[in-house]
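As structure tokens, the structure follows; a few thoughts come after it.
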Amino acid sequence: MKKNKLFLLTSLLLMVTMTAFAQKEKKEIRTGNDRYEKGNYSDAETEYRKALEKNQSSYPGTYNLGGALYRQKKFDEAVQQYQQSIERTTDPKEKASSYHNLGNSMVKAQKYAESIDAYKKALKLNPADNDTRYNLAYAQAMLRKQQEQQQQDQQNQNQNQDQKNKDQKNQQNKDQQKKDQQNQDQKSQDQKNKEQQKINRKKRLNNLRFLKKMLNVC
């Protein structure tokens with residue numbers, strides 16, 4: 001994937017043509033660029049933020065801040081800065097560059113649909129940018145892969161739910177069979193108890209008859 005472009009010489013050239021107020025953030029942007037080139041992205045971020053405190057509408061400050069955040073893997077924050085940088089320039093190439101890096105940040109955040117939109121806007125402004133065209137194709141491929149994975153996950157989830165429902169139904173059937181067997185056993189036991197009671201009554205009756213007969217004999 002194309003690396004985030006750092007607004008170096010271009011930003012300094014722009015500073016020459018800006019207003020006196022805009023000149024105030026020139027030092028911080030230059031220092032931030034130096035920190036960025038040395039890989040000190042956190043320090044670069046600090047300098048770019050200082051530049052924006054002096055001139056909130058600075059395109060170089062906003063754009064470069066996005067790059068420093070991107071390098072620190074703060075992709076959501078980078079997205080915000082690139083979106084703001086688009087609003088802070090009227091130059092088509094600068095807008096295209098912002099859209100390109102906005103797309104990169106979206107890809108890193110796995111927001112592929114949004115990245116595709118950003119790359120398309122970049123290409124509309126700069127149709128000759130093959131790097132953006134490559135990134136667009138990459139994002140489109142990643143979106144298809146993501147959608148396929150989501151479909152597979154949904155299919156697996158449905159299968160798991162079906163299996164869960166099947167297992168639950170089987171367990172319910174087993175529980176019902178167990179309950180039916182218990183009821184049947186209880187009925188059998190009740191029947192045995194009744195038969196035993198009949199036998200016991202008959203025995204008692206016979207005993208009474210025998211006792212009565214013995215008394216009569218006496």
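Read the figures in this text as sums done on the coordinates, not as results from a lab. Note that the structure is a prediction, hence the values are computed from the model and not measured. All Cβ positions, even for glycine, are placed from backbone atoms using ideal geometry, and neighbour counts span all protein chains on display.
Got the relative contact order for the chain handy, in percent, Cα pairs under 8 Å and 6 or more residues apart?
Rounded, it is 12 percent for the chain.
Any idea what angle helix 26-37 forms with the longest principal axis of the chain, computed on alpha-carbon atoms, 0 to 90 degrees, nearest 10?
Relative to the chain, helix 26-37 is tipped by roughly 60 degrees.
Taking Cα pairs under 8 Å and at least six residues apart, what relative contact order does region 108-218 come out at, in percent?
Reported as a whole number, the value is 18 percent.
How far is helix 92-108 tilted, in degrees, relative to the longest principal axis of the Cα atoms in the chain, given as a value from 0 to 90 rounded to the nearest 10?
That helix lies at roughly 30 degrees to the long axis.
Just to check I understand the Karplus step: with θ = phi - 60° and J = 6.51 cos²θ - 1.76 cosθ + 1.60, what whole-Hz values come out for region 38-53, glycine and proline as x?
8, x, 8, 5, 5, 5, 4, 4, 4, 5, 5, 5, 5, 4, 6, 5
Ranked highest first by average number of other Cβ atoms within 10 Å, how do 125-134, 198-207, 77-86 line up?
Output ranking for 125-134, 198-207, 77-86: 77-86, 125-134, 198-207.
Would you mind getting me the FRET efficiency between residue 142 and residue 93? Use the beta-carbon distance for r and R0 = 25 Å, nearest 0.05.
Result of the calculation: an efficiency of 0.45.
Cross-link partners among lysines for residue 178, C-alpha distance below 28 Å, same-chain residues fewer than 8 apart left out?
Of all the lysines, those that pass the test against residue 178 - Cα under 28 Å, at least 8 places apart if same chain - are 164, 166, 169, 187, 192, 194.
Round to the nearest 10 and give me the degree value, 0 to 90, for the angle of helix 130-217's Cα axis relative to the longest principal axis of the chain.
10 degrees
I need to check one value: relative contact order of region 22-148, counting alpha carbon pairs closer than 8 Å and at least 6 residues apart, in percent.
16 percent
State to the nearest 20 debye the size of the charge dipole of the chain about its Cα centre, where the only charges are +1 on K and R beta carbons and -1 on D and E beta carbons.
Rounded to the nearest 20 debye, it is 2560 debye.
If you compute mean projected area of the Cα convex hull in nm² for the structure shown, which of [x] 14.4; [y] 11.8; [z] 23.2 do you land on?
[z]
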